[in-house]
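Okay, structure first, notes after.
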């Protein structure tokens with residue numbers, strides 16, 4: 001066997017980048033440190049060094065990453081590390097190549113498929129819940145507008161102030177209620193139909 005080819009139980013040295021994105025800033029800083037501590041407690045992973053980036057603001061969120069130089073005990077654990085800790089990138093440094101059996105490769109793909117199916121199920125469930133919440137929120141907003149108009153004719157600005165919905169967003173709801181003939185418009189004033 002070539003001295004650079006190792007089996008699936010060989011130790012793997014790699015660099016991994018793990019990123020945390022969120023807010024507030026303090027939560028992100030604490031979360032990434034806790035994440036690294038959790039990795040350190042895994043007896044099949046050895047962190048040789050850790051290099052934390054400066055925290056930065058990105059579109060109203062905070063981001064920080066850490067580059068880890070680590071040793072992983074075996075290829076199966078390497079795959080497990082990727083599933084569990086979801087590094088944004090991984091660079092295997094040693095060994096140069098690995099020898100895996102068809103059974104080990106099948107196990108890796110089956111683990112990957114199970115994870116993907118689980119993620120797909122979660123996404124579909126979240127979409128159903130999101131659609132349900134959007135529909136109910138839409139109904140609540142329409143009902144709130146109708147309740148506001150019970151007091152009499154109102155301009156968009158007053159309806160917006162009462163409901164707390166921005167005037168530019170209120171227009172779409174009022175247009176829909178006009179089409180449904182639940183409200184009517186007289187100049188700049190809206191009232192119940």
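The values are calculated or read from the model by the stated rules, or taken from the named source; none is laboratory data. Only a predicted model underlies this, so the values are computations on that prediction, with no experimental measurement involved. Cβ atoms come from the backbone with ideal geometry, glycine included; neighbour counts cover every protein chain shown.
See the values below:
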item: Residues being part of a helix (DSSP H, G or I) and either crowded, with 16+ Cβ neighbours inside 10 Å or touching a residue at least 24 places away in the same chain (Cβ under 8 Å) (or both) - total across segment 171-193; result: 4
item: Count - residues of segment 113-122 that are surrounded by 11 or more Cβ atoms within 10 Å (Cβ to Cβ) and out of contact with any helix residue (DSSP H, G or I) (no Cβ under 8 Å at 6 or more places or on another chain); result: 1
item: Strands (runs of 3 or more DSSP E) contained in segment 1-96 and holding at least 2 residues touching a residue at least 60 places away in the same chain (Cβ under 8 Å); result: 5-7, 11-22, 61-73, 89-94
item: Filter result for residue 135 (part of a helix (DSSP H, G or I) and more than 30 Å from residue 80 (Cα to Cα)); result: yes
item: Residue list for segment 146-164, filter: closer than 18 Å to residue 134 by Cα and touching a helix residue (DSSP H, G or I) at 6+ places or on another chain (Cβ under 7 Å); result: 163
item: Test result for residue 130, at negative phi, within 19 Å of the chain's Cα centre (by Cα) and surrounded by 10 or more Cβ atoms within 10 Å (Cβ to Cβ); result: yes
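Conditions (1) out of contact with any helix residue (DSSP H, G or I) (no Cβ under 6 Å at 6 or more places or on another chain); (2) without any contact (Cβ under 8 Å) to a residue 24 or more places away in the chain, marked per residue:
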{"position": "104", "(1), (2)": "yes, no"}
{"position": "107", "(1), (2)": "yes, no"}
{"position": "124", "(1), (2)": "yes, yes"}
{"position": "140", "(1), (2)": "yes, yes"}
{"position": "144", "(1), (2)": "no, yes"}
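Condition check ((1) modelled with pLDDT under 90; (2) within 21 Å of the chain's Cα centre (by Cα)) across all residues:
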| site | (1), (2) |
| --- | --- |
| 1 | yes, no |
| 4 | yes, no |
| 9 | yes, no |
| 16 | no, yes |
| 33 | no, yes |
| 48 | no, no |
| 66 | no, yes |
